[in-house]
Amino acid sequence: MAALHIKKGSNKHSAYNLRPNFSDTQESHTLAVIVENEPGVLARVIGLFSGRGYNIDSLTVAEVDHTGHLSRITVVTTGTPQVIEQIKAQLTRIVSVHEVHDLTVEGAAVERELALIKVAGTGEKRVEALRLADIFRASVVDSTLQSFVFELTGTPDKIDAFSDLMRPLGLQEVARTGVAALSRGTE
């Protein structure tokens, strides 16, 4: 019987380490998907995510070319690098999909989201909510004696931070549009 000598710390060829060295790190990616503006396309794209257990953190859809009947679906999703690559490959196989861009890896991108945030409060809490809104450049779009509705545009992190600060001041409701994103520059 032949003896197998393995140097300590060298487990590259061990039977217990046969899996490829894939990263388990979760990454957030913003994908821009240009599709035909026709019935059922969004359902097919969303079906790809739900059928394989992929999560959608944010989703926006709008027609961007009226004459060419093209829409842009912006999806923010989270997964390992291998899962993200798999999502992009599967999206490109959908017949109505024209282009898939991973704005996270293609270079600098501008991401914005719109939120409407209702805050109820009186006295000092009301004054503090207005002061913070001014710092965050949030606009008051509705006001009563008991509440405000603020409109805030910015990165998702900015909206999260504002919402977190409004929580102890009487945050009642938040409506968010989801991320809209474009790559920077001429590309």
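Rule-based calculations on the coordinates, nothing more; no lab input. What you see is a predicted model, and the numbers here were worked out from it, not measured in a lab. For neighbour counting, all protein chains shown are included, and Cβ atoms are generated from backbone atoms with ideal geometry for every residue, glycine included.
The calculated FRET efficiency for the pair ALA89 and ARG176, based on their C-beta separation and a Förster distance of 25 Å, comes to about 0.30. Take every pair of alpha-carbon atoms less than 8 Å apart whose residues are at least six positions apart; their mean separation over the length of the chain yields a relative contact order of 24 percent. Look at the dipole of the stretch 109-183 built from charges on Cβ: of VAL110, THR122, VAL149, the Cα furthest out on the positive end belongs to THR122.
Only four residue types carry charge here, +1 at the Cβ of Lys and Arg and -1 at the Cβ of Asp and Glu. Report the dipole size of the stretch 27-102 about the Cα centre in Debye, rounded to the nearest 20.
On the way: 5 positive and 9 negative charges, 49 e Å.
The calculated dipole for the stretch 27-102 is roughly 240 debye.
Here Cα extents along the principal axes in Å was calculated from the structure, and among (1) 69, 45, 41; (2) 88, 51, 34; (3) 78, 34, 31 it sits at label (2).
Given charges of +1 on the Cβ of Lys and Arg and -1 on the Cβ of Asp and Glu, with all other atoms neutral, how large is the dipole of the chain about its Cα centre, in debye to the nearest 20?
On the way: 19 positive and 23 negative charges, 174 e Å.
So the dipole magnitude of the chain works out to roughly 840 debye.
Build a GNM of the chain with springs between Cα atoms under 10 Å apart, and of THR92, THR60, THR25 the one that fluctuates most is THR25. Taking VAL76, VAL41, VAL105 in turn, the Gaussian network model of the chain (Cα-Cα springs below 10 Å) assigns the largest fluctuation to VAL105.
Neighbour counting of Cβ atoms within 10 Å sorts the residues ILE56, ILE159, fewest neighbours leading, into ILE56, ILE159. Would you mind finding the longest exposed-site-free stretch of the chain, with exposed chymotrypsin sites (Phe, Trp or Tyr not before Pro) meaning DSSP loop and at most 14 other Cβ atoms within 10 Å? Here the longest run is 23-187.
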